[in-house]
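Here the structure is laid out as structure tokens; the discussion comes afterwards.
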Amino acid sequence: MPKYKGDLTLSCSVTNLDKSIAWFKDMLDFDLAFRVDEAGWAELTCPTRDVTTGLGVNENVDGRGGTTPVFGVTDIVAARSELESKGARFDGETEEVPGMVKLATFFDPDGNTYMFAESLVE
């Protein structure tokens, strides 16, 4: 089984990072944990321990909503290999934001999206 770190990020596609951050802060009283403009990404914390909301800029947001649960793992290569050996379908190669995180997107049988994330930050 993948070795989970115990954290969970709910990733949401947004068209405007500033507007979305303000909405989560004003409406839900979330706190901005960090923001990386070069990656079009921000994370906000909520009162639930080890659960964050990730906001990723995407020009093609369809307005139907939805989130992508992002499971923190200790070894993304091992986690991905295990799921692939069981027939899981991944969306391309594992991506890396240098010095920050490695990400691998995969699908359940209905096509719902999930991700593994291995933090590169110590």
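Values in this text are rule-based calculations from the coordinates and carry no lab data. Model, not experiment: these values are computed from the prediction. Using ideal geometry, Cβ is built from the backbone for each residue, glycine included, and neighbour counts are taken over all protein chains shown.
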The stretch 3-24 and the stretch 59-122: distance between their alpha carbon centers, rounded to Å: 14 Å
Extended-chain gain in nm, criterion 0.36 nm per residue less alpha-carbon gap, residue 84 and residue 96: 2.4 nm
With a cut-off of at most 14 other beta carbons within 10 Å, and DSSP calling the residue loop, which GluC sites (Glu not before Pro) in the stretch 1-81 qualify? Please list them. 59
Mean residue ellipticity (222 nm) of the chain, computed from DSSP H runs ≥ 4 via -39,500 (n - 2.57), nearest 500: -5500 deg cm²/dmol
Cβ-Cβ FRET estimate between residue 122 and residue 31, R0 fixed at 22 Å, reported to 0.05: 0.50
Considering only the chain, percent of DSSP beta bridges that pair antiparallel, nearest 5: 75 percent
Size of electric dipole in the chain: Cβ of Lys, Arg +1 and of Asp, Glu -1, about Cα centre, debye, nearest 20: 280 debye
So if we plug the beta-carbon distance of residue 23 and residue 68 into 1/(1 + (r/R0)^6) with R0 = 30 Å, what FRET efficiency do we get, rounded to 0.05? 0.95
